[in-house]
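Participant: So that we are looking at the same thing, I have put the structure below in structure tokens.
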Amino acid sequence: MAITTEPVAYVRGTPIAEQPPPLMARGWVAWVRENLFSSVGNTILTLIALYIIYLVVPPAIRFFFLDAVWTGSDREACLAASVGREVGACWAYVDAKFSYFVYGSYPWDERWRVDIVFVLGAIGIAWLLWLDAPKRNLGALYFFVIFPVVAFILLRGSTAVGLERVDTSLWGGILVTLVVSIVGIVVSLPLGVLLALGRRSRLPLVRLASVIFIEVVRGVPLITVLFMANTMLPLFLPGNMSPDRLLRPLVGVALFASAYMAEVVRGGLQAIPKGQYEGAMSLGLGYWRMMRLIILPQALRIVIPGIVNTFIGLFKDTTLVSIVGIFDLIKTVEVTLVDPTWATPVTRLTGYAFAGLFYFICCYGMSRYSLAVERRLAAGQKR
Amino acid sequence: MAMATATDRPAQLKPVSLKTETAVEMIGVHKWYGEFHVLRDINLKVTRGERIVVCGPSGSGKSTMIRCINRLEEHQQGKIIVDGVELTNDLKRIDEIRRDVGMVFQHFNLFPHLTILENCTLAPIWVRKMPKKDAEEIAMHYLTRVKIPEQANKYPGQLSGGQQQRVAIARSLCMSPKIMLFDEPTSALDPEMVKEVLDTMVTLAEEGMTMLVVTHEMGFARQVANRVIFMDAGQIVEMNTPDEFFKNPQHERTKLFLSQILH
């Protein structure tokens, strides 16, 4: 065996001073080479991707911006034959129908009421979403108690305050989409939390009821739930009480979303270690306080991505209420498509593009906001 | 800073108070996990101010026994009387007992989403209905006593294990408990941090707190305990004063255990 020349004993003489990490200064050329053209396979993929971008992006830009028609009073403005060039998106049509897209058939003279509700709602949402806002408790009271009442009175009207009654069958467009989704979101989270707690309850009856509700609602398509809400809700209610036409799908959507929400929240609850429950119990916190102060804040934080995912799904699923005759945004777009004043080859595409843009902006906003919240909460408690 | 260690501090412990009030009484307690008989006929009477160390091999039921005292585990047979109140299924009564019985866990179980100060004030504010200001004052008092007042606004994840365990002790003390239970409080700590936690516990013992401590720290047992209990297979095998227990173990199982942990 070779005799080792390394000394066996060692004692450090001088400590090693702290040094900065090696510099990684590299230009964009190096970045491109490393990330896009590092191998033959990557080079091929990069070229294919560039070709696809070339195929898709320039025509899209041309259609939606360069060739688009921005002004005009009727279909003549958007017809290639009358304009004398190739015609892209007909934004003039969206402009002309914009107020219908927003309010539906809500009476012209009463639309200021909707505007007020939009403004009040925006204030409430901003108040709640802005995490450093002053008096957020008051904001929550405003948004969850005062705002719904005021909004209901304003939108529906009430003879008591001298506002003409506007039947919900006249509501439409973005108004209905927002009403259905905000009610759905606001109801589904607390209901979902209760169902999730119920499903983990030690009381067999509560557990059974929660499981049955979740599994039944989740196991059925939303369309079915909507139809059932539409036709069966009146049957459950006593006598000649007939729930409002808009209320029925509203209930359906909220219940549907809460079943999904319950499972998302349950995932969060399962991630909380047993020690947290024991720590809380050993301090004498009762069940509800323990849940509210210790368990749920942690569990909900873990499942923010899942919750927002459900919200976004719910927001887009509201388009299905058109199936039971509610005029949501998509439905109002579809209605205008058959309007002969604006019948052109590009109207349909433009209308759906507008609706798509609206949904994208809302959903992307939710997604970005939730990411910001996650980052902020993560910074608050470095583990 | 001249800090006495858990081992070299002179034993200046208060004698057990003369009026022999019973803090905890367990009478013929049995418990099963399914078919497994974890606790077998446990009889134990803890006097107020008494400090009891429970040791034994893992799986001997020592943790389960003290967890029964604040009903984190349910016993199926026998009686447990804490501070004059019998533990039954009455949830309200259980919460009342838990308020007065502090517990320190092996894994600290601090609430990671709350600051150190909030961890300490949460229960006083919500359970004792104390005004926030008073609760914070008390919390700072106890945080100072466990020697980490400067960490009050940090989150548990930013503290070392030893610091977290001291916060856990302070958190319990904020409820001014009558009895403190320690479930292997130093087992999850780095060797260098064990001492700081033991020191805190010694101080607590010197002040006359009724303590039940599950631990393998025999130095602590020698110095602080009035009685040492040795458990095996769900039973109390031997119980004696620390002097007698370590010098003169009677039961074969105790001798074997001690020979393995004391070298």
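The values are calculated or read from the model by the stated rules, or taken from the named source; none is laboratory data. If you're wondering where the values come from, they're calculated on a predicted model, not measured in any experiment. Backbone-built Cβ (ideal geometry, glycine too); neighbour counts: all protein chains shown. Keep in mind that these areas ignore ligands, DNA and RNA; they rest on the heavy atoms of the full protein, side chains included. Shrake-Rupley method; radii C 1.70, N 1.55, O 1.52, S 1.80 Å.
Participant: From the list A:Phe143, A:Phe213, which residue is under 22 Å from A:Val308 (Cβ atoms), buried (at least 16 other Cβ atoms within 10 Å of the Cβ) and in contact with a helix residue (DSSP H, G or I) (Cβ under 8 Å, 6 or more places away or on another chain)? Write out each step before concluding.
Facilitator: On the way: A:Phe213 fails: under 22 Å from A:Val308 (Cβ atoms).
The match here is A:Phe143.
Participant: Same structure, new question: Take residues that are within 25 Å of the chain's Cα centre (by Cα) and within 14 Å of chain B (Cβ to nearest Cβ) and tell me which of the helices (runs of 4 or more DSSP H) falling wholly in the range A:262-359 contain 2 or more. Lay out the reasoning, then the answer.
Facilitator: Values: elements: A:274-282, A:296-302, A:304-317, A:329-337.
Here the list reads A:296-302.
Participant: While we're on this one: Sort out which residues of the range B:146-158 are surrounded by fewer than 22 Cβ atoms within 10 Å (Cβ to Cβ) and either within 11 Å of chain A (Cβ to nearest Cβ) or under 16 Å from the mean Cα position of the chain (by Cα) (or both), and write them in order of number.
Facilitator: B:Lys154, B:Tyr155, B:Gly157, B:Gln158
Participant: Then there is this: Quick one: in the range B:212-244, of everything that is in contact with a Gly (Cβ under 9 Å, 6 or more places away or on another chain) and within 17 Å of B:Gly49 (Cα to Cα), which residue is surrounded by the fewest Cβ atoms within 10 Å (Cβ to Cβ)?
Facilitator: B:Asn226
Participant: List every residue pair whose Cβ atoms sit under 7 Å apart, with the two residues 6 or more apart in sequence or on different chains, where the first one lies in the range A:287-315 and is open to solvent by less than 30 Å² (accessible area, probe 1.4 Å) and the second, anywhere, is part of a helix (DSSP H, G or I) and charged (D, E, K, R).
Facilitator: The qualifying pairs are A:Ile304/A:Glu374.
Participant: Taking the conditions exactly as written (facing chain A (nearest Cβ under 10 Å) and surrounded by fewer than 17 Cβ atoms within 10 Å (Cβ to Cβ)), does B:Leu122 satisfy them or not? Walk me through how you get there before you give the answer.
Facilitator: Details: facing chain A (nearest Cβ under 10 Å): yes; surrounded by fewer than 17 Cβ atoms within 10 Å (Cβ to Cβ): no.
No.
Participant: Among the candidates A:Ser201, A:Ser188, which residue alone is surrounded by fewer than 19 Cβ atoms within 10 Å (Cβ to Cβ) and among the polar types (S, T, N, Q)?
Facilitator: Numbers: A:Ser188 fails: surrounded by fewer than 19 Cβ atoms within 10 Å (Cβ to Cβ).
So the residue among A:Ser201, A:Ser188 that is surrounded by fewer than 19 Cβ atoms within 10 Å (Cβ to Cβ) and among the polar types (S, T, N, Q) is A:Ser201.
Participant: What number of residues within the range B:125-139 satisfy the criterion of being part of a helix (DSSP H, G or I) and either closer than 15 Å to B:Asp100 by Cα or within 11 Å of chain A (Cβ to nearest Cβ) (or both)? Talk me through it step by step, then tell me what you get.
Facilitator: Of all residues in the range B:125-139, those part of a helix (DSSP H, G or I) come to B:125-126, B:132-139.
Applying the additional criterion that residues be either closer than 15 Å to B:Asp100 by Cα or within 11 Å of chain A (Cβ to nearest Cβ) (or both) yields B:125-126.
Final tally of qualifying residues: 2.
Participant: I need every pair where a residue in the range B:172-185 that is closer than 14 Å to B:Cys68 by Cα has its Cβ under 8 Å from the Cβ of a residue that is of a type in the set (D, E, K, R), sequence separation at least 6 or different chains.
Facilitator: B:Ile179/B:Asp83; B:Ile179/B:Asp100; B:Leu181/B:Arg67; B:Asp183/B:Arg67
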